[in-house]
Amino acid sequence: MRKGILTIAAVGLLATGGLTACNDDSSPEAGSSAKTPKIGVILPDSKSSARWETADRRFLEEAFKSAGVQYDIQNAQNDKTAFQTIADQMITSGVTALMIVNLDSGTGKAVLDKAKSQGVATIDYDRLTLGGSAQYYVSFDNETVGKLQGEGLSKCLTEKGVKNPVVAYLNGSPTDNNATLFKAGYDSVLKPKFESKEYTKGPEDSVPAWDNAQATTIFEQQLTTAKGKIDGVLAANDGLGNAAISILKKNNLNGKVPVTGQDASTEGLQNILAGDQCMTVYKAVREEAKAASDLAVALAKGERKDTGQTVKDPEGGRDVPSVLLTPKAIYKDNIKDVIADGYVTKEAVCTAAFAKACADAGIS
Ligand code: BGC
């Protein structure tokens with residue numbers, strides 16, 4: 001068995017009760033009659049995070065190939081019209097299941113509803129479509145992702161010994177339900193500290209479409225507004241974190257001001273090795289892709305799986321059957337776990353400039 005670094009609980013969910021077929025045909029759903037599986041996947045973009053093209057595409061292909069099913073993976077490149085066109089083409093081409101990472105809930109819902117009306121099974125992959133109609137939702141425990149970020153920032157601020165630190169927020173896209181969940185997670189750690197005046201809340205902005213370039217401008221503005229007095233940055237993913245770090249560098253503040261992240265991207269891990277980033281959150285996308293693929297294949301075969309868990313859609317009020325995997329906080333000393341898990345390679349992370357830092361971090 002592959003050695004993952006997921007918690008035992010998450011592996012247990014998948015290995016045992018998690019994806020047991022229950023063949024309950026009491027309420028037939030879209031995609032419920034046995035068909036030869038063909039799975040369509042629409043990824044959101046390739047700029048808001050490297051993960052979609054470097055991890056999700058790779059691990060989805062791996063899962064579909066090992067299940068021996070046909071598939072078509074496309075990327076909407078942050079274009080909502082293209083997203084809908086791709087969905088239409090996939091439906092016409094006869095996909096039995098459509099897996100989407102929505103660009104926003106409104107356009108996501110339109111795609112899901114259309115697929116459903118044509119008898120195509122649907123899965124919300126990574127992002128829940130609010131008010132949507134997906135048969136399953138496969139993701140990570142996203143509030144825990146945010147909690148790990150809040151705890152990570154707090155740990156790094158303590159290590160720096162800053163008294164009453166000013167903390168700035170760079171939230172994710174306002175149209176991504178995950179961004180809302182991440183914020184709920186980090187607020188649960190940091191809000192009490194703002195309230196007790198242990199920390200001071202600095203500027204806060206949401207970054208449209210997680211646009212890394214825009215995040216640079218936004219953070220530069222935040223630093224100006226705060227007159228240079230920002231002691232920690234809660235950045236919702238590695239791309240936003242890197243944007244903040246680039247501005248901190250311009251001001252000779254990198255390494256002094258801890259910055260968080262998410263996705264364990266090569267760039268994020270290198271920023272941690274350089275001492276410019278406090279931590280990242282690793283999400284084992286291979287497990288996410290495998291869980292979603294298993295569900296899509298089962299739906300095509302007319303089976304209904306009991307995932308043992310539901311998530312309440314706050315807009316539609318539905319309890320959506322879900323698989324939620326466990327994220328893991330990554331600091332300098334456990335970057336090696338991400339490499340051992342096959343998520344990124346040592347060659348990519350430990351380039352000449354990072355050779356010494358890699359050796360110091362025990363990456364061999
Ligand atoms: C994903 C993150 C990703 C972000 C930007 C979120 O929905 O969960 O992993 O960094 O989108 O693409």
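The values are calculated or read from the model by the stated rules, or taken from the named source; none is laboratory data. In this text, all values refer to a predicted model and were calculated from it rather than measured experimentally. Cβ coordinates were reconstructed from backbone atoms using ideal geometry, including for glycine residues, and neighbour counts include every protein chain displayed. We work out accessible area using only protein heavy atoms, side chains counted, and drop any ligands, DNA or RNA first. Shrake-Rupley method; radii C 1.70, N 1.55, O 1.52, S 1.80 Å.
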| note | Taking segment 45-62 and keeping only residues that are part of a helix (DSSP H, G or I), touching a strand residue (DSSP E or B) at 6+ places or on another chain (Cβ under 9 Å) and not basic (Lys, Arg), one is left with TRP52, GLU53, ASP56, LEU60, GLU61
| task | With respect to ALA359, determine if the residue is in contact with a helix residue (DSSP H, G or I) (Cβ under 7 Å, 6 or more places away or on another chain) and at pLDDT 95 or above. | result | no
| remark: When every residue in segment 160-170 that is touching a residue at least 24 places away in the same chain (Cβ under 8 Å) and out of contact with any helix residue (DSSP H, G or I) (no Cβ under 6 Å at 6 or more places or on another chain) is compared, the one most open to solvent (accessible area, probe 1.4 Å) is LYS160
| Tally of residues being within 16 Å of the ligand (Cβ to nearest atom) and either touching a His at 6+ places or on another chain (Cβ under 6 Å) or of a type outside the set (Phe, Trp, Tyr) (or both) across segment 161-204 | 15
| task | Determine which single condition ALA82 fails, assuming it passes every other condition in (1) surrounded by fewer than 24 Cβ atoms within 10 Å (Cβ to Cβ); (2) within 16 Å of the ligand (Cβ to nearest atom). | result | (2)
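Mind listing whichever residues of segment 176-204 are open to solvent by 60 Å² or more (accessible area, probe 1.4 Å), charged (D, E, K, R) and at negative phi?
LYS191, GLU195, GLU198, LYS201, GLU204
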| remark: Among (1) in contact with a Leu (Cβ under 6 Å, 6 or more places away or on another chain); (2) open to solvent by less than 10 Å² (accessible area, probe 1.4 Å), SER173 falls short only on (1)
| query | Which of the following residues is surrounded by fewer than 16 Cβ atoms within 10 Å (Cβ to Cβ), touching a Gly at 6+ places or on another chain (Cβ under 8 Å) and of a type in the set (Asp, Glu): ASP276, ASP333? | reply | ASP333
| request: Residue by residue through segment 319-355, note down the ones that are over 15 Å from LEU269 (Cβ atoms) and without any contact (Cβ under 8 Å) to a residue 60 or more places away in the chain. | output: ASP319, ALA352
| task | Those residues that are touching a residue at least 60 places away in the same chain (Cβ under 8 Å) and within 16 Å of the ligand (Cβ to nearest atom), I need them from segment 147-159; list them, please. | result | LEU148, GLN149, GLY152
| Tally of residues being within 20 Å of ASP126 (Cα to Cα) and β-branched (Val, Ile, Thr) across segment 331-359 | 2
| task | Scan segment 40-78 for residues that are among the hydroxyl-bearing types (Ser, Thr, Tyr), more than 14 Å from ASN212 (Cβ to Cβ) and within 16 Å of the ligand (Cβ to nearest atom) and jot them down. | result | THR54
